[in-house]
Amino acid sequence: MDKKTLLTLSALALVGVGASAQQRMNVLFILTDDFQNNAIRALGREDVHTPNIDYIYSQGTAFTNCYTNGAIGGALSMPSRAMIMTGRGVFEIAQDGWVIAPRHTMLPEQLRKEGYRTFETGKWHSDFESFNRAFSEAENIYFGGMHRYEDGGHVTPLLMHYDPKGDYKNQKPFVGPKFSSEMYADAAVDFLTRSVGDTTPFFAYVAFTSPHDPRNRHPWYGTLYDPDTIKLPVNYRPQHAFDNGELQVRDEVVVPAPRDKATVRKELADYYGMISEVDAQIGRVIDALEKSGKLEHTIVVFAGDNGLAMGQHGLMGKQSLYDHSIKVPLVVWAPGIPKGERNEGLCYLYDINPTLSELLGIPPAESVTGRSLAAALKKGAKGETPRDRVWLAYSSIHRALVMDGRKYIVYNVKGKITEQLFDLRNDPWEMTNLLAGTPSKRVHKLAERYRAALKEEMKRGNDFCDLDRPTADHGSWWEKDEKISWTDGVNLIK
């Protein structure tokens with residue numbers, strides 16, 4: 001970070017390793033579920049209404065090439081949220097079966113030791129024990145991956161109150177009397193209201209489940225969309241061009257392929273409706289922060305855990321390595337950080353962990369492997385991040401590398417290898433596979449370079465897959481006696 005920006009942050013926030021807990025900045029972290037990285041009016045998606053998210057974008061710096069590292073099963077949100085908490089990559093946390101192990105210090109856990117109040121409401125897609133290590137306060141907690149929002153007029157999410165002893169196994173969940181987004185926003189607003197007059201710094205984690213399906217139109221707030229007015233994505237297809245190994249996963253069979261244009265428009269209308277309803281609740285939380293008088297002493301983060309296809313490439317779900325599924329929104333808003341900036345450099349979502357540590361003047365936990373983006377949060381830092389490449393993983397069958405404005409994807413499905421190479425600068429919707437047909441020698445060499453770089457990154461990231469050894473009997477790169485005990489992703493998605 002340049003001297004001017006650092007001085008501004010220090011003067012306004014009074015951050016620093018030597019500062020007392022009462023002087024440090026607060027953090028409001030707003031996380032959404034299955035939110036496409038660019039399904040935001042401020043980023044050019046004219047069909048969707050997102051006034052409150054647009055406002056956050058106008059006040060902060062957005063990282064427009066932010067990726068989640070991936071997942072080993074259909075439920076991408078579980079590893080994504082664990083990566084945010086721990087600041088570690090997907091294969092660095094997978095060995096624990098998606099329990100966040102004590103050896104991986106979570107950011108709120110670290111901040112508690114520094115004297116912070118740590119608060120959570122909404123989705124915690126991990127274990128009970130790690131929740132209470134992280135948070136000293138909470139309300140309207142949802143332990144799980146997905147839930148129904150309303151069923152025949154009856155609201156159905158099963159929520160829990162905070163238990164200081166962490167005995168959630170024996171606590172009877174209660175039925176939320178409102179739409180879940182309202183319940184989570186209510187809890188956040190109440191926490192922020194109670195913080196008035198309290199000089200103790202806080203970390204508030206507001207983890208919405210919207211716009212994850214089921215896609216319920218909310219009749220009382222947000223925006224209702226007419227399917228006939230919705231534009232189809234330019235890369236719409238009725239079905240995927242080839243078997244990617246996950247065409248029968250839950251997300252894909254909810255709306256079976258092939259899907260005609262009317263079906264996709266209807267699904268998009270409902271999806272945008274859920275984006276607008278969570279946008280309305282995000283606005284309530286921001287209003288409460290302003291009324292608390294703590295806005296100028298708070299770092300606000302808005303992000304999504306993973307994306308969703310919604311008709312792109314003939315897919316509906318998130319179980320792929322196309323940008324619509326693996327790329328995520330990320331915005332940081334705080335005093336001294338440029339307003340309305342778009343940083344195009346590459347980063348991982350879990351890089352936000354050490355970034356917040358640096359902005360707060362607190363050393364990152366020893367277990368953190370993410371890279372701080374603090375230096376990129378300065379005027380004119382477009383394209384400047386600590387990473388020149390990111391590698392991506394899905395299950396045992398998809399791997400990808402993004403580097404130098406291109407993306408290389410390789411699939412191993414039932415022993416068959418399929419490769420794709422996209423020029424993201426000229427083909428951001430990933431519509432033209434440069435390796436299709438009879439590619440030139442130059443393109444072949446380019447693919448070889450990307451494949452070699454991908455293998456290097458996988459090795460650094462503790463991925464045991466061997467791209468040079470397809471195994472038709474196993475249908476993937478993993479050996480049957482794989483060293484890691486993988487959790488069944490089909491079960492995690494529920």
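The values are calculated or read from the model by the stated rules, or taken from the named source; none is laboratory data. None of these values were measured; they are calculated from a predicted model. Heads up, the Cβs are rebuilt from the backbone with ideal geometry, glycines too, and the neighbour counts pull from every protein chain shown. Note: accessible area is taken over every heavy atom of the protein model, side chains too, but ligands, DNA and RNA are not part of it. Shrake-Rupley method; radii C 1.70, N 1.55, O 1.52, S 1.80 Å.
Annotations for the structure displayed:
- Condition met for ALA241 (aliphatic (A, V, I, L, M), surrounded by fewer than 22 Cβ atoms within 10 Å (Cβ to Cβ) and in a helix (DSSP H, G or I)): no
- Which listed residue, of TYR205, TYR162, is buried (at least 20 other Cβ atoms within 10 Å of the Cβ), in contact with an Asp or Glu (Cβ under 9 Å, 6 or more places away or on another chain) and without any contact (Cβ under 8 Å) to a residue 60 or more places away in the chain: TYR162
- Residue in segment 189-199 that is under 26 Å from GLU46 (Cα atoms), in contact (Cβ under 8 Å) with a residue 24 or more places away in the chain and of a type in the set (A, V, I, L, M) present: no
- Qualifying positions in segment 317-345 - within 22 Å of MET85 (Cβ to Cβ) and in a helix (DSSP H, G or I): SER325, ILE326
- No other residue among ALA42, ALA19, ALA75, ALA11 is modelled with pLDDT under 95, assigned to a helix (DSSP H, G or I) and hydrophobic (A, V, I, L, M, F, W, C) apart from ALA11.
Listed here are the residues, each with its yes/no results for (1) within 20 Å of GLY370 (Cα to Cα); (2) under 15 Å from the mean Cα position of the chain (by Cα); (3) surrounded by fewer than 24 Cβ atoms within 10 Å (Cβ to Cβ).
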| position | (1), (2), (3) |
| --- | --- |
| ALA42 | no, no, yes |
| HIS49 | no, no, yes |
| TYR57 | no, no, yes |
| THR61 | yes, no, no |
| THR68 | yes, yes, no |
| ALA101 | yes, no, yes |
| LEU111 | yes, no, no |
| GLU114 | no, no, yes |
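- The sole residue among ARG148, ARG88, ARG81, ARG103 that is among the basic types (Lys, Arg) and modelled with pLDDT of 95 or more is ARG88.
- Single residue of segment 289-316 satisfying the filter (part of a loop (DSSP other than H, G, I, E, B) and open to solvent by 10 Å² or more (accessible area, probe 1.4 Å)) that is nearest to ASN26 (Cα to Cα): LYS294
- Given (1) within 25 Å of the chain's Cα centre (by Cα); (2) crowded, with 18+ Cβ neighbours inside 10 Å, index of the condition ARG259 fails: (1)
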